[in-house]
Amino acid sequence: MVSPASTLRRARAVSACAAIALLAVPATAHAAPRADPDARAGKATTRDVGPDADPVPSPVTAAAAPTTDRLAGADRYATAVAASRAAFPSANPAGLTTVYLASGADYADALAAGPTAVARGGGLLLTQPDRLTASTATELRRLAPDRVVVVGGAGAVSAKAMRDVSALGLPVSRISGADRYTTSAAVAREGFPSGARTAWVATGQGYADALSAGPAASAAGGPVVLVDGRSRTLPAATSQLLKDLGVTTVRIAGGTGVVSSGIESGLRSLVGSSAVTRSAGADRYTTTIAVNSRAFPSLSRGDAYVAAGNGFADALAVGVLAGRSKRPLYLSYAYCANGSVRTELSRTVISRVRLVGGPGAIRGYVGTLGACRSLTAADSLWVVANKQRRLSPKSYAPSGLVQPDVATINGHKLRRDAAAALKTMIDAARAEGAGRIALLSGYRSYSYQVQVYNAEVALRGVAAADKVVARPGYSEHQTGLGMDLSPVGDPSCNDYRCIGNTPQGRWLAANAPRFGFVLRYESGRTPTTGYSPEPWHFRYLGAATSRDYKAGGFHTIEDYFGLPAAPRY
Ligand SMILES: [Zn+2]
């Protein structure tokens, strides 16, 4: 849309002040890829593949797309309560005699307790170590079991927490051993007094490969037995436990880097070579798939549970629910369904994806099987440019830049997808009565940012310049996806900087996500973004992502993509 003459006159007026003001328009940029938070957070036991492993999304066919819902509470304890309520919808459920209670601060005890709870028809809840979590107490009252069994030593669940359970009028006891391995053995004996034919063996040294073993073990009617996977031989205590339980089939979760080949040899000697299988993939996500493939070889159509792989709490919380219904639990990236997991969940046997945890833990986009895009490739729709992430190459220039069909003040261009969405958004703003909006600044080249930045440094010095202008190579404008918008024809605001107080600015802040844009530098987010609030700067992310961003209550793309704050270079 070509702007009318009045708009152009207005635009020139804005341009006059913007010519100087432009120098104060920050941009961002983006840097050498750091370790992916997904990879860092989980004590990876097998090699992790970063989010850039899936740079090219492929479509999920509509016919195969499952529905999605979410099991979540305000925190991990409340999420465990939500899973418990899903598993036991009615209060004081018939047949529920025991609720197991484990620490939510570590994974080992709850992981072992899950299959035992399922075998005993019981529940599993999590608590803070130092006292009984309030939401957990409420759920214990609702379930009103005959007994509560605390799993783990006093360091995991304190005596105070046990007294808190007693205060509810519920008998409480403790199962524990000298360490997580002996505790897991004791829990297995508790859950399977008549023995079990199949056991899953997982390491107690990292949760990543072990989480999906819980529902897998439940599906086989057996326990998860934790071992120190680094051990060169099968520990005698583990061997004795498996003998005592009468285990004839052993399934190992994870590769030899997680559960050693020596342990595997010992298991083969114990139950026979053909009775031992190992399920492992290249990373925690594909390992989960391998575990589920082994555990659920002929899955009927139904639910799949999906938790983020960069934490353990939510996956533990849902272990009993998944185990009771003999449905698989998968791990995914927190913000997108990464390749192999997405393929797995696209199978027609998956009718519903049940996300576990709130949007801060796992995004709604995962539930729609939204594909991953690179956060580091400069030409990716999701590239994150900030003070910790420089564009690579630093002189990157997008291809296919176009002049958006909107009123522009400086003739700036945008990436084609962003330009089309901007026109749709600006037309909608006017149609919905918000008034006219012009593009003030779009793509800026590396060399142009050099000029902008150097001019600002000459004027203010480096420290002050860094607060308002991105260094060359770190600017979001350089991607062709970041842009500054200005109100047009508003007598109360003749400068883009006051857009936040105009109908246009208010409309944009509320509606931009409908069209694929997010307000990039919100008020109060400087500690994360490194920039002062900029109610004029919007970032195109694509509609699916921007809508999920808004639905999840996010305020920075760093938080949305699970990236570290970037307040400084
Ligand atoms: Zn900007």
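Pop out the carbon and sulfur fraction of the accessible area of region 62-367 as a percent, whole number, probe 1.4 Å. Looking at region 62-367 in its full context, I get 50 percent from C and S. Summing charges over neighbours of Asp69, with a neighbour being any other residue whose Cβ is under 12 Å away from its Cβ, gives +2 when K and R count +1 and D and E count -1.
Cross-link reach is defined here as a Cα-Cα straight distance under 21 Å, omitting same-chain residues fewer than 8 places apart; for Lys413 the lysines meeting it are Lys394, Lys423.
Counting charges near Gly302 (Lys, Arg +1; Asp, Glu -1) among other residues having Cβ under 11 Å from its Cβ returns a value of +4. Measuring nothing but alpha carbons in region 62-367 and taking Rh as the Kirkwood radius, the Rg to Rh ratio lands at 0.95. Of the residues Val81, Tyr305, Tyr453, the one whose Cα sits farthest toward the positive end of the charge dipole of the chain, with +1 on the Cβ of Lys and Arg and -1 on the Cβ of Asp and Glu, is Tyr305. Per residue of the chain, the DSSP helices (runs of n ≥ 4 H) give a summed -39500 (n - 2.57) that works out to -10000 deg cm²/dmol at 222 nm. Net charge near Thr116: determine it from the other residues with C-beta under 12 Å of the C-beta of Thr116, scoring Lys and Arg +1 and Asp and Glu -1. Around Thr116, the charge tally is 0. When all alpha carbon pairs of the chain are counted in 20 Å bins from zero, the resulting P(r) reads 21, 43, 27, 9, 0 %.
With protein chains left intact and a 1.4 Å probe, residues in the chain average 36 Å² of accessible area per residue. Relative to the dominant Cα principal axis of the chain, helix 446-460 is inclined by about 80°. Once you mark the trypsin sites (Lys or Arg not before Pro) that are in a DSSP loop and have at most 11 other Cβ atoms within 10 Å, what is the longest gap between them in the chain? After excluding every exposed loop site, the longest remaining stretch is 302-567.
A straight line joining the Cα centroids of region 420-434 and region 280-343 runs 41 Å.
Note on Lys326: aspartates and glutamates with a C-alpha under 13 Å away, same-chain residues under 8 apart excluded, are Asp303. Evaluated with a Cβ-only charge set (Lys, Arg +1; Asp, Glu -1), region 407-455 carries a dipole of roughly 120 debye about its Cα centre, given to the nearest 20. If you average 1/r over every pair of different alpha-carbon atoms in region 242-366 and take one over that average, what Kirkwood value in Å do you get? Evaluated over region 242-366, this radius sits at 15.6 Å.
Hey, what angle do you get for helix 134-143 against the long axis of the chain, alpha-carbon based, 0 to 90 degrees rounded to 10? Tilt relative to the chain: about 50 degrees. Positive end of the dipole of the chain (Cβ unit charges, origin at the Cα centre): among Leu71, Ala237, Val258, the Cα lying farthest that way belongs to Leu71. Relative to the current alpha-carbon distance between Asp244 and Ser273, full extension at 0.36 nm per residue lengthens the span by 8.5 nm.
Taking the Cα centre of region 89-245 as reference, the dipole from Cβ charges on Lys and Arg (+1) and Asp and Glu (-1) amounts to some 180 debye. The angle separating the long axis of helix 261-271 from the principal Cα axis of greatest extent in the chain is about 40 degrees.
For the chain, a crude dipole built from +1 on the beta carbon of Lys and Arg and -1 on the beta carbon of Asp and Glu, taken about the Cα centre, is about 260 debye to the nearest 20.
The values are calculated or read from the model by the stated rules, or taken from the named source; none is laboratory data. Predicted model only: the values in this text are computed from it and were never measured. Cβ: placed from backbone, ideal geometry, glycine included. Neighbour counts: every protein chain shown. Calculation scope for accessible area: heavy atoms of the full protein, side chains included, ligands and nucleic acids excluded. Shrake-Rupley method; radii C 1.70, N 1.55, O 1.52, S 1.80 Å.
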